[in-house]
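Presented below is the structure to which this report refers.
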Amino acid sequence: MSIGWRLHGDGRTVPVGEVVAPDERLSWPRTIGIGMQHVVAMFGATFLVPLLTGFSPATTLFFSAVGTVVFLLITRNKLPSYLGSSFAFIAPIAAATATGGQSVALGGIVVVGVLLAAIGAVVHVAGSGWIDTLMPPVVTGTIVALIGLNLAPVAWGTCSQSVVDGEIVETCNNGFRAAPITALATLLAIILSTVLFRGILGRLSILVGVLVGYAVANLRGEVDFSGVRAADWVGFPQFLAPTFDIAVLGLFVPVVLVLVAENIGHVKSVAAMTGHDMDPLAGRALFSDGIATTLAGLGGGSGTTTYAENIGVMAATKVYSTAAYWVAAATALVLSLSPKFGAVVASIPAGVLGGATTVLYGMIGILGARIWVQNRVDFSDPKNLTTAAVALVIGIANFTWAPAELVFGGIALGTAAALIIYHLMRVLADWRGTSQEPASPASVPAGDPVGR
């Protein structure tokens, strides 16, 4: 592994049609600026996960920085990526925390990290072809979609009722319903900034929306600054050790499949944008993300994944230098060592989060559909149609199965359904020779008369 970088051109500009390769860099002032821009890009999404799950934002940021360094080292400084908080962990963490506390949720994160690292080792030795066979686009897209849509009730929020002076009073402490006006302002700010701003600012619509929502919440007296005033300027984040409970493992195992898909997608995206063959690094990418997630679980941080937000920064700047990611990791590490900074983030009120998650959870769901579209999944094929249909209903309705001490929720059952239904139908259809028969009028290819 080489830590040095060649200077690209004059170090000041990127000529039209060229990119700054992973082993190149611009001048250090420009590289530092781009690295800090990567921190801004990941900031909104990375902090939303601990805010939604009750984890420490500072601790999550700390392990995000450490994880990025681990990723760069294990991938031999050849694959640019920032490891931020994965949204795939939100639902299992919330469920595990509700039943066993944060330490039990951390145990689930550790298990995911270990499994992902093991898969990475296998991919490094045997290649990634078996992943494509196990999880074709219809399965991958369905799993990603059901994870986002399973979280929809969380965005809306929950309320409790109590009797006060003989009258029923409803109290809403989370989600959109906690502060509808603030949530609506946040949601509108995200929507409008997406289309009003150009370049990187348009890509940071979630962060812009959160800042606008925070300002609105402050004007409405919804922000509690007591924690900010009490926090120190410098100090280590709070660390928490995991405990392991077999009952919650069913909640976390499906997350491994999502992380595999995200990492493989990241490798292919960088390869397409740089013109470099990154496939030999796929196993290292999975292994390093697994190690980073394991470390986070061991210390109190949320699980990590390669970040699409930073792909956007690279696409906008044409700079794919890993040097910028070393800067980003160092910047994130410094910020994580300021408890006051973490307290400011933790003070973001529920209404702001409700507005932001209304967009974010929906986006996760639509990303699954995007996988279908990009890979031209044929839903006139009965096995594709049935796989997505059944798994999505199970995930959205949050089917639950609790054999013995284990608890399997909608995400786990939906993931299992997608895998089992697809492969079972594929084997049986090939055996019976029924692969080309449409399942129903809804599965007939577009443009074909239904009665044909």
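The values are calculated or read from the model by the stated rules, or taken from the named source; none is laboratory data. Note that the structure is a prediction, hence the values are computed from the model and not measured. Reconstructed Cβ throughout: ideal geometry from the backbone, glycine too, with neighbour counts over all protein chains shown. Protein only, heavy atoms only, side chains kept; ligands, DNA and RNA dropped before computing areas. Shrake-Rupley method; radii C 1.70, N 1.55, O 1.52, S 1.80 Å.
Of the residues that make up segment 170-178, is at least one surrounded by fewer than 18 Cβ atoms within 10 Å (Cβ to Cβ), free of Cβ contacts under 8 Å to residues at least 40 places away in the same chain and under 21 Å from G362 (Cα atoms)? Quick ask: steps written out before the conclusion?
Initially, segment 170-178 is screened for residues surrounded by fewer than 18 Cβ atoms within 10 Å (Cβ to Cβ), giving 170-171, 173.
Next, from what is left, pick out any that are free of Cβ contacts under 8 Å to residues at least 40 places away in the same chain: 170-171.
With the extra rule that they be under 21 Å from G362 (Cα atoms), the set shrinks to none.
There is no residue in segment 170-178 that is surrounded by fewer than 18 Cβ atoms within 10 Å (Cβ to Cβ), free of Cβ contacts under 8 Å to residues at least 40 places away in the same chain and under 21 Å from G362 (Cα atoms).
Which one of L116, L79 is among the aliphatic types (A, V, I, L, M) and part of a helix (DSSP H, G or I)? Let's see the steps before the verdict.
Details: L79 fails: part of a helix (DSSP H, G or I).
Of the residues listed, the single one that is among the aliphatic types (A, V, I, L, M) and part of a helix (DSSP H, G or I) is L116.
Within segment 136-185, can you find the residues that are in a loop (DSSP other than H, G, I, E, B) and touching a Gly at 6+ places or on another chain (Cβ under 6 Å)? Even if it seems obvious, please write down each step before you answer.
Within segment 136-185, the first condition is being in a loop (DSSP other than H, G, I, E, B), and the residues that meet it are 136, 151, 157-158, 165-166, 173-175, 179.
Within segment 136-185, G157, N174, G175, A179 meet the criteria.
Taking the conditions exactly as written (surrounded by fewer than 18 Cβ atoms within 10 Å (Cβ to Cβ) and either touching a residue at least 60 places away in the same chain (Cβ under 8 Å) or within 21 Å of L406 (Cα to Cα) (or both)), does V114 satisfy them or not?
Values: surrounded by fewer than 18 Cβ atoms within 10 Å (Cβ to Cβ): yes; either touching a residue at least 60 places away in the same chain (Cβ under 8 Å) or within 21 Å of L406 (Cα to Cα) (or both): yes.
Here the answer is yes, as V114 does meet what is asked.
Can you tell me which residues in segment 19-63 are more than 18 Å from T293 (Cβ to Cβ), open to solvent by 20 Å² or more (accessible area, probe 1.4 Å) and part of a loop (DSSP other than H, G, I, E, B)?
V19, D23, S27, G54
Evaluate segment 329-337: report whether one residue or more is of a type in the set (A, V, I, L, M, F, W, C), crowded, with 22+ Cβ neighbours inside 10 Å, touching a residue at least 12 places away in the same chain (Cβ under 8 Å) and in a helix (DSSP H, G or I). Explain how you work it out, then say what you get.
Of segment 329-337, the ones of a type in the set (A, V, I, L, M, F, W, C) are 329-330, 332-335, 337.
Next, only the ones that are crowded, with 22+ Cβ neighbours inside 10 Å stay: 329, 332.
Checking the rest, the ones that are also touching a residue at least 12 places away in the same chain (Cβ under 8 Å) come to 329, 332.
The next check asks that each one be in a helix (DSSP H, G or I); those that pass are 329, 332.
Yes: segment 329-337 contains one or more residues that are of a type in the set (A, V, I, L, M, F, W, C), crowded, with 22+ Cβ neighbours inside 10 Å, touching a residue at least 12 places away in the same chain (Cβ under 8 Å) and in a helix (DSSP H, G or I).
Just to be sure before I move on: is I181 in contact (Cβ under 8 Å) with a residue 60 or more places away in the chain, out of contact with any Phe, Trp or Tyr (no Cβ under 7 Å at 6 or more places or on another chain) and under 16 Å from I364 (Cα atoms) in the structure I sent? I'd like the intermediate steps shown before the answer.
Working: in contact (Cβ under 8 Å) with a residue 60 or more places away in the chain: yes; out of contact with any Phe, Trp or Tyr (no Cβ under 7 Å at 6 or more places or on another chain): yes; under 16 Å from I364 (Cα atoms): no.
In short, no.
Test A330 against the stated conditions and say whether it is of a type in the set (A, V, I, L, M), more than 30 Å from D132 (Cβ to Cβ) and modelled with pLDDT of 95 or more. Steps first, please.
On the way: of a type in the set (A, V, I, L, M): yes; more than 30 Å from D132 (Cβ to Cβ): yes; modelled with pLDDT of 95 or more: yes.
So A330 passes the test.
With respect to Q238, is the statement that it is outside any helix (DSSP H, G or I) and in contact (Cβ under 8 Å) with a residue 60 or more places away in the chain true?
Numbers: outside any helix (DSSP H, G or I): yes; in contact (Cβ under 8 Å) with a residue 60 or more places away in the chain: yes.
The answer is yes for Q238.
Under the condition of being touching a residue at least 40 places away in the same chain (Cβ under 8 Å) and of a type in the set (S, T, Y), which residue from segment 117-140 is most open to solvent (accessible area, probe 1.4 Å)?
Restricting to residues being touching a residue at least 40 places away in the same chain (Cβ under 8 Å) and of a type in the set (S, T, Y), the top hit is S128.
Given (1) at pLDDT 85 or above; (2) among the small types (G, A, S); (3) at positive phi, identify the lone condition not met by S64.
Here S64 meets the rest and fails (3).
D224 passes all but one of (1) out of contact with any helix residue (DSSP H, G or I) (no Cβ under 9 Å at 6 or more places or on another chain); (2) assigned to a helix (DSSP H, G or I); which number fails?
(2)
Starting from segment 311-325, take each residue that is under 22 Å from D277 (Cβ atoms) and list its partners that are open to solvent by 10 Å² or more (accessible area, probe 1.4 Å) and of a type in the set (F, W, Y), counting only C-beta distances under 7 angstrom and pairs at least six apart or across chains.
From segment 311-325, the pairs are S321/W5; A323/W5.
Of all residues in segment 287-315, which are more than 16 Å from P80 (Cβ to Cβ), in a helix (DSSP H, G or I) and open to solvent by less than 10 Å² (accessible area, probe 1.4 Å)? Working first, answer last.
Initial filter on segment 287-315 (more than 16 Å from P80 (Cβ to Cβ)): 287, 290-291, 293-303.
Imposing the further condition that a residue be in a helix (DSSP H, G or I) reduces the set to 287, 290-291, 293-299.
Scanning segment 287-315 gives G290, T293, A296, G297, G299.
Taking the conditions exactly as written (at pLDDT 90 or above, of a type in the set (G, A, S) and touching a strand residue (DSSP E or B) at 6+ places or on another chain (Cβ under 6 Å)), does S81 satisfy them or not?
yes
Out of everything in segment 370-397 that is under 29 Å from T53 (Cα atoms) and at pLDDT below 90, what residue ends up being surrounded by the most Cβ atoms within 10 Å (Cβ to Cβ)?
Going through the qualifying residues, I end up with I371.
Which of (1) under 20 Å from E262 (Cα atoms); (2) open to solvent by less than 40 Å² (accessible area, probe 1.4 Å); (3) β-branched (V, I, T) is the odd one out, the single condition I348 does not satisfy?
Status for I348: all satisfied but (1).
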